[in-house]
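Beneath this line is the structure, given in structure tokens, with notes to follow.
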Amino acid sequence: MQNEERFQQHRKEWENATLKKVTDRFPERKTEFKTSSWLPAERVDIPESGDFEAFSEKIGFPGEYPFTRGVQPTMYRGRFWTMRQYAGFGTAEESNQRYKYLLKEGQTGLSVAFDLPTQIGYDSDNPIAEGEVGKVGVAIDSMQDMEVLFDGIPLDRVSTSMTINAPAAILLAMYIALAEKQGIVADQLTGTIQNDILKEYMARGTYIFPPKPSLRLITNIFEYCSKSVPKWNTISISGYHIREAGSTAVQEIAFTLADGIEYVKAAVNAGLDVDSFAGRLSFFFNAHNDLLEEIAKFRAARRIWAKVMKEKFQAQKSKSMMLRFHTQTGGSTLTAQQPDNNIVRVTIQTLAAVLGGTQSLHTNSRDEALGLPTEESVRIALRTQQIVAHESGVTNTIDPLAGSFTIERLTDTIEEQVWQYLNKIEAIGGMVRAIENGYVQKEIQDAAYRYQQEIESGERIIVGVNKFTIQENPPTDILKVDPQLRKRQIAKLAAVKQQRNSEVVAQKLAELRRIAQNSEQNLMPPILAAVKEYATLGEICNILREEFGEYRESIVL
Amino acid sequence: MSKKIRILIAKPGLDGHDRGAKYVARALKDAGYEVIYTGIRQTPEAIVKTAIQEDVDFIGLSLLSGAHNELFPKVVELLRSRNAGDIIVLGGGVIPEADIPGLKEKGIQAVFTPGTPIRDIIAFIESVKR
Amino acid sequence: MTIVQKLAQQVLQQNTRAIARSISLIENETDSAQKESLLDALHSYCGRAVVWGITGPPGAGKSSLLDRFIGRLRRLNKTVAVIAVDPSSPFSGGAILGDRLRMQKHATDDGVFIRSMASRGHLGGVAGATADAIKVFDTAGFDFVIIETIGVGQTEIEVMELADLVLLVLVPGLGDEIQALKAGVMEIGDIFIINKKDLDGANRLKREVEYVLGLQENCTAKSTPPVCMTSATRDEGIDDTLSVITDYLEKIRGNGQLAARRKDRIEKELRHIASAKIMASAEHFLNIDSRLDSWVEDVFHKKVSPYKLLNRKIGEFLKELHWQ
């Protein structure tokens, strides 16, 4: 067969097999896609000639291994990415209002931000929570707060993403218990928990337990959900925070995939079949300003993960090899100076994420370098996504930049450098060890230092910060959290403790402790039983702290 | 030999975003200061005791979670109650402009928001050092 | 009462700020007369504290181990002072002092005092001020004073001269452990600790250390030091190591080694002070600073050799002294 024919031949095969399977069930948004001036918009473009082997190995077709061009064969012609704005602050009541507003405004998924005491497993009345209650998200002490948070929102109609890591099992258990109260069976629930502890040790800092019991909790969740909550994304392996900590694009992908490898290893070692859980793994990346590098980054990430799952873990199912990811625009790229400029940055970053094939996206609000975003800012951020989706036309053709000399070269370069890191981490003995001995943190810190030095020296220009500056009046309409909030939250917590059956709670906690001591048993059932009786997040975490110990930061600069 | 300036860089509260704190620590070291770095999740009590034991001239507090109005003044208060009010407290992180006058009133001598060049921080240190 | 006398009195009363200030006074050397009179005032109260040194390569887990030891000593109601030394940058003179990060859970405990110290150009693994800082903690009544060395190389032997006993921490997998054994730093350890004992190669390292120590015993009079296994992060082997340390201290206290070691330390200190003082006054009398340029010229142009020049100058200086 002639080379040229092989391209067309494969396109036919792809159309008849991979594509048709999907379009039969989920037709595309339109019967015909056209550009703004009515030129035809091809679903997917391929070369007419060239090296077919190299093409199918590196680029191929969307929805097929190695998934460089995207995980679905129709991508945004089928449906747009999920527009999911991370929100939640103050009390459960306030957050509930914000969710209802966002759903009304056309958002398609909920995303819950928790305050720091919740993320680190302390109740609001713990002295260490002073000043932090309700600050960066909603405070959840018990099931009761969850009931208020999702009041009037049927859990089988929304997909909910929860940014929670160390105590992920507890928040997931509360969500399941709440669904049950609403009369919804757990197998109807869709959503994601972040549940990615390794990046907390190297970047974000909301760890509680040491790596070993943390990995057990994660594996327990994989196992529990594969049976009882099959549509739930059990982990969102996150590079976002690694990038925010100052890593390069290559490091973001390398360390995130290395984390992913560690989780898969842990689950396989615990006896799980790789194809039973791998399809529920999802990823979470950052979108920065360097448009071409970012697009290449996402494409490279998909290609590498597919290879890792196929070759290293011998996954059989195609779904297990797909790297599906959520994106958030880069918070650290926002400037406090001339904050409206951030709308433009976010637009570029949105394009990067969409051209890179994201499954869902959070766009940051322009005022996030100043404090919590106002409702107006949140709306502009959401509108940015809607404009790219409906007006820009980049959604009509799948992976439209494939074949660009620059994009393909960048994709190859990123892939190559990521493999170098992955091999190095493997030589160190895996990601846990590479974190414990500080290798990863040092790599990130060196990159962060270099980046900042370039800004200081003026070699790297940040508009409005080190060039094109103006005298500005301080912004006035910044949203603030009520300082009395903690008092009210503590009062609510006290009332919950008063009303519950404390004897039963004690029993459930004792049962949890017993199971925590036996590493063979799954922690999800006793946690679920405890939250149903209104055991608090802090009480549950304290039992686990006593049994598992606490992780302590040990790596200095 | 002349007196060395010693600076404690600390992260009060529960916020784990330490990129800025670590950058400042390293840049101050490169500027010739001795920098004590204690990591995340420090209570005001621990920060003050550390500052006194280390006999620092400055404390740089970094916080991005929004708890600065509670935690920064607490550090100053504790220092004063321990007879160490002469230690100069600086703040940094995501601090709304509107909060800065209140913080200064409570004894935080300077607040550096995102985008501040390190040379501004150094210039401040040099202008007020004992 | 002078300021310094007051400071000394406050140190004896265990005033935290005074202790911290005294150490700064010693470190900064802005006023050596003040420093000397402070140490003079404290001298008669010295000698009560037990001084440990803890040394070993970077990444061996010295601070994490120390964190565990502090916890144990506190349970016994003993007070602990730590001097953690980190290197100063040879370029900027600045330093990042981060060892205390791993001990920070003791920060609010009044029975624990942690002081970070930059080496400020001093070689030997400790700072120039470390020896005198120990005296401050000692007279302030701390039961234990523990020095954590920089831990970068094989020249870190000075801690041996400061401490009553030295813990040498090694860890498998760093690749340089055998180098350390060959290079002779082994002689500074009174007790060996193999940390991270859960890592591959820990047992092999222990055997190798014991082998080398056995060889050493044959050529020195020193008895073979004990080798302990720990995991600081998992909190394992700490109590056993602590009882080995206690036994060792008991032994050297009983057989006179401790007193001998302390006298040895005083001897070195006297020699050190003597040479520093002689050097300083010689420099002063010879007016070296202002004459150096012309001396360099003379030596460069071969008018005179360095020995001939200085023998003559010092001869003149001594003659002058004689006449006084």
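The values are calculated or read from the model by the stated rules, or taken from the named source; none is laboratory data. Computed from a predicted model, the values in this text were never measured in an experiment. Here the Cβ is made from the backbone with ideal geometry for all residues, glycine too, and neighbour counts use every protein chain on show.
Taking the conditions exactly as written (modelled with pLDDT under 95 and either in a helix (DSSP H, G or I) or hydroxyl-bearing (S, T, Y) (or both)), does A:E376 satisfy them or not? Here the answer is yes, as A:E376 does meet what is asked. Considering C:S281, C:S223, which residue is assigned by TED's automatic domain parsing to the domain that holds C:G189 and farther than 25 Å from C:K196 by Cα? Testing whether each residue is assigned by TED's automatic domain parsing to the domain that holds C:G189 and farther than 25 Å from C:K196 by Cα leaves just C:S223. Over 15 Å from B:S65 (Cβ atoms), in contact with a Leu (Cβ under 8 Å, 6 or more places away or on another chain), in contact (Cβ under 8 Å) with a residue 24 or more places away in the chain and among the hydroxyl-bearing types (S, T, Y), is that true of A:S159? Here the answer is yes, as A:S159 does meet what is asked. State yes or no: is C:T220 modelled with pLDDT under 95, in contact with a Gly (Cβ under 8 Å, 6 or more places away or on another chain) and either farther than 26 Å from C:G151 by Cα or polar (S, T, N, Q) (or both)? Criteria not met by C:T220. The condition of being away from every other protein chain (no Cβ under 13 Å) and modelled with pLDDT under 95 holds for A:L382.
Of all residues in segment A:379-430, those that are among the acidic types (D, E), in a helix (DSSP H, G or I) and loosely packed, with under 15 Cβ neighbours inside 10 Å total 2.
Answer yes or no as to whether C:V304 is free of Cβ contacts under 8 Å to residues at least 12 places away in the same chain, outside any helix (DSSP H, G or I) and surrounded by 13 or more Cβ atoms within 10 Å (Cβ to Cβ). Yes.
Per the conditions (1) outside any helix (DSSP H, G or I); (2) modelled with pLDDT under 95; (3) closer than 30 Å to A:R204 by Cα; (4) more than 10 Å from chain B (Cβ to nearest Cβ), the sole criterion not satisfied by A:I470 is (3). Listed conditions (1) more than 14 Å from every other protein chain (Cβ to nearest Cβ); (2) touching a residue at least 12 places away in the same chain (Cβ under 8 Å) are all met by C:V112, apart from (1). Of the residues making up segment A:447-467, those that are farther than 19 Å from B:T113 by Cβ and facing chain B (nearest Cβ under 9 Å) are A:Y449, A:Q453. Taking residues in segment A:538-557 that are among the β-branched types (V, I, T), and partners anywhere that are assigned to a helix (DSSP H, G or I), the pairs with Cβ atoms closer than 6 Å and at least 6 places apart or on different chains are A:I540/A:I170; A:I540/A:A530; A:I543/A:L509; A:I543/A:L512; A:I543/A:R513; A:I555/A:Q441; A:V556/C:L101. For segment C:157-169, check the following and say yes or no: at least one residue is within 30 Å of C:I19 (Cβ to Cβ), part of a loop (DSSP other than H, G, I, E, B) and modelled with pLDDT under 90. Yes - at least one qualifying residue is present in segment C:157-169. Among the residues of segment A:189-206, some residue qualifies, meaning at least one is small (G, A, S), within 12 Å of chain B (Cβ to nearest Cβ) and surrounded by fewer than 24 Cβ atoms within 10 Å (Cβ to Cβ). Residues of segment B:21-32 that are within 9 Å of another protein chain (Cβ to nearest Cβ) and either within 15 Å of the chain's Cα centre (by Cα) or in a helix (DSSP H, G or I) (or both): B:K22, B:Y23, B:A25, B:R26, B:A27, B:L28, B:K29, B:D30. The lone criterion from (1) closer than 24 Å to C:G94 by Cα; (2) more than 13 Å from every other protein chain (Cβ to nearest Cβ); (3) out of contact with any Leu (no Cβ under 8 Å at 6 or more places or on another chain) left unmet by B:V76 is number (1). Scoring C:D40 on the criteria (1) farther than 25 Å from B:K29 by Cβ; (2) in contact with a Phe, Trp or Tyr (Cβ under 9 Å, 6 or more places away or on another chain); (3) not basic (K, R) leaves a single failure, condition (2). Out of everything in segment A:131-146 that is part of a loop (DSSP other than H, G, I, E, B) and among the hydrophobic types (A, V, I, L, M, F, W, C), what residue ends up being farthest from the other protein chains (Cβ to nearest Cβ)? Among them, the one singled out is A:I140. One residue stands out in segment C:78-92 among those that are surrounded by fewer than 19 Cβ atoms within 10 Å (Cβ to Cβ) and touching an Asp or Glu at 6+ places or on another chain (Cβ under 9 Å): the one that is nearest to C:V145 (Cα to Cα), namely C:K78.
Inside segment A:1-44, residues that are loosely packed, with under 14 Cβ neighbours inside 10 Å and either within 30 Å of the chain's Cα centre (by Cα) or farther than 18 Å from A:N396 by Cβ (or both) make up a count of 17. Among the residues of segment A:104-130, those identified as part of a loop (DSSP other than H, G, I, E, B), buried (at least 24 other Cβ atoms within 10 Å of the Cβ) and facing another protein chain (nearest Cβ under 10 Å) are A:D115, A:I120, A:Y122.
In this structure, A:E416 does not qualify as in contact with a Lys or Arg (Cβ under 9 Å, 6 or more places away or on another chain) and either in contact (Cβ under 8 Å) with a residue 12 or more places away in the chain or acidic (D, E) (or both). With respect to the conditions (1) charged (D, E, K, R); (2) within 14 Å of chain B (Cβ to nearest Cβ); (3) crowded, with 24+ Cβ neighbours inside 10 Å, A:R84 lacks only one, and its number is (2). When B:G39, B:G66 are checked against the criterion of being within 14 Å of chain A (Cβ to nearest Cβ), on the phi > 0 side of the Ramachandran plot and out of contact with any helix residue (DSSP H, G or I) (no Cβ under 7 Å at 6 or more places or on another chain), B:G66 stands alone in meeting it. Only a single criterion out of (1) away from chain A (no Cβ under 12 Å); (2) closer than 21 Å to A:P117 by Cβ is not satisfied by B:E54, namely (2). Would segment C:121-133 turn up any residue that is without any contact (Cβ under 8 Å) to a residue 40 or more places away in the chain, in contact with a Leu (Cβ under 7 Å, 6 or more places away or on another chain) and surrounded by 20 or more Cβ atoms within 10 Å (Cβ to Cβ)? No, segment C:121-133 has no match at all. I'd like the residue in segment C:85-103 that is part of a strand (DSSP E or B) and touching a residue at least 40 places away in the same chain (Cβ under 8 Å) and, out of all such residues, is nearest to the other protein chains (Cβ to nearest Cβ). The selected residue is C:D86.
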